[in-house]
Amino acid sequence: MHCALIRFLGIPFAFLITISIIAKGPIKKLKVTSFNSYFLYDEIGDSHKFPKDRKHRTEEDFSKIKKIILHNHPDVIGFQEIENETALHHIIINEYDCKATVTPGYSQELGLCWKKELGSPIIRELEQLSLRPGLRKGLLAEFNFDGKKVSVIVVHLKAGHSPKDKKERKEQILALKEILPSLGKFVLLGDFNEVLERRVDLWKILQRNLKLKIANYKQKSDCWQHNDGFIDYLITNMEWQQGSFVQTKFETDDGNFDGNPSAEKGLSDHCPVSADLLLER
């Protein structure tokens, strides 16, 4: 009877082990998200800091941003325009680890959050993109999935429409051109401040012979005032799952980020963009 009981108890135990092995099997795809959070402050001790006209965030604002960011349960999230790593914890949950760039003085930092189950990536800042003080660095994370290295690069290129702005943006693209070939498999995400479909010259610089694919290529943006085309992109030299791209809009998105309705004020003038990156083909 004792042996029979052991055999009986062993059945569910073996079943649990099998389920555990299945659950920890090879990772076949990642849901990747990029979001410009419109300079997300943590609102701690910042009342007299520059910029004084920034959007003050309430706990309700943080809750709305968190809801839209986590809507489709992304595995990896790249952020632009955050104050620091602490600010990210207002819009993320304990399931994720996060890292941010650090720049002395006033700055708009980049951040990256990833599900803890993905392990601990090697992270470094890409100083090459900060061609002068005031231009943002890049953030690079190298993950290891079943012995295969996959790099995630977060960027936020120079904003503005002046000849100088465009020149500096092109110089940052040229810097990326030198960085990308050495990374192996990668996904590049962030705010490029250009509608790349219209800037074939910049796309050719970035593309080289890397066979890059844009998740939102030929997709239509209807987010706030960015409905004339995407400036937030998800780019890889791997493959995107066909039909997986989505842009998630805030409920209050009426096509104009003008403070009317007032509920817009604590949110962002960008919408998260997401797609499934295939790790196996």
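The values are calculated or read from the model by the stated rules, or taken from the named source; none is laboratory data. For clarity, every value in this text was computed on a predicted model and none was experimentally measured. All Cβ positions, even for glycine, are placed from backbone atoms using ideal geometry, and neighbour counts span all protein chains on display. Side chains are part of the model used for accessible areas, which takes the heavy atoms of the whole protein and leaves out ligands, DNA and RNA. Shrake-Rupley method; radii C 1.70, N 1.55, O 1.52, S 1.80 Å.
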_Just to be sure before I move on: is residue 197 within 18 Å of the chain's Cα centre (by Cα), among the acidic types (Asp, Glu), more than 22 Å from residue 109 (Cα to Cα) and open to solvent by 10 Å² or more (accessible area, probe 1.4 Å) in the structure I sent?_
no
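Here are 276, 253: which of them is acidic (Asp, Glu), part of a strand (DSSP E or B) and surrounded by 14 or more Cβ atoms within 10 Å (Cβ to Cβ)?
Numbers: 253 fails: part of a strand (DSSP E or B).
Only one candidate qualifies: 276.
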*Being touching a residue at least 60 places away in the same chain (Cβ under 8 Å) and over 26 Å from residue 58 (Cα atoms) is the filter; apply it to region 87-140 and report the residue that is farthest from the chain's Cα centre (by Cα).*
118
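Looking for whichever is in a loop (DSSP other than H, G, I, E, B) and crowded, with 20+ Cβ neighbours inside 10 Å here; the options are 173, 91. Which one fits? Steps first, please.
Details: 173 fails: in a loop (DSSP other than H, G, I, E, B).
Result of the check over 173, 91: 91.
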*Taking residue 161 as meeting all but one of (1) in contact (Cβ under 8 Å) with a residue 24 or more places away in the chain; (2) not in a helix (DSSP H, G or I), write down the number of the exception.*
(1)
*If residue 120 satisfies every condition in (1) part of a strand (DSSP E or B); (2) closer than 22 Å to residue 28 by Cβ but one, which is the exception?*
(1)
*asked:* Would you confirm whether or not region 41-59 contains a residue that is open to solvent by 50 Å² or more (accessible area, probe 1.4 Å), farther than 20 Å from residue 233 by Cβ and at pLDDT 85 or above?
replied: yes
_Just to check your reading of the model, which residue among 128, 80 is modelled with pLDDT of 95 or more, under 24 Å from residue 170 (Cβ atoms), polar (S, T, N, Q) and surrounded by fewer than 18 Cβ atoms within 10 Å (Cβ to Cβ)?_
128
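Regarding region 146-157, can at least one residue be identified that is in a loop (DSSP other than H, G, I, E, B), crowded, with 22+ Cβ neighbours inside 10 Å and not polar (S, T, N, Q)?
So in region 146-157, the residues in a loop (DSSP other than H, G, I, E, B) come out as 146-147, 157.
If we keep only those that are crowded, with 22+ Cβ neighbours inside 10 Å as well, we get 157.
Then drop every residue that is not not polar (S, T, N, Q), which leaves 157.
Among the residues of region 146-157, at least one is in a loop (DSSP other than H, G, I, E, B), crowded, with 22+ Cβ neighbours inside 10 Å and not polar (S, T, N, Q), which makes the answer yes.
Sort out which residues of region 182-232 are assigned to a strand (DSSP E or B) and either of a type in the set (Phe, Trp, Tyr) or in contact with an Asp or Glu (Cβ under 6 Å, 6 or more places away or on another chain) (or both), and write them in order of number. Write out each step before concluding.
So the first thing to find is which residues in region 182-232 are assigned to a strand (DSSP E or B), and the list is 185-191, 213-214, 232.
Answer for region 182-232, where residues must be assigned to a strand (DSSP E or B) and either of a type in the set (Phe, Trp, Tyr) or in contact with an Asp or Glu (Cβ under 6 Å, 6 or more places away or on another chain) (or both): 186, 191, 232.
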*Got a number for residues in region 256-273 being part of a loop (DSSP other than H, G, I, E, B) and buried (at least 20 other Cβ atoms within 10 Å of the Cβ)?*
6
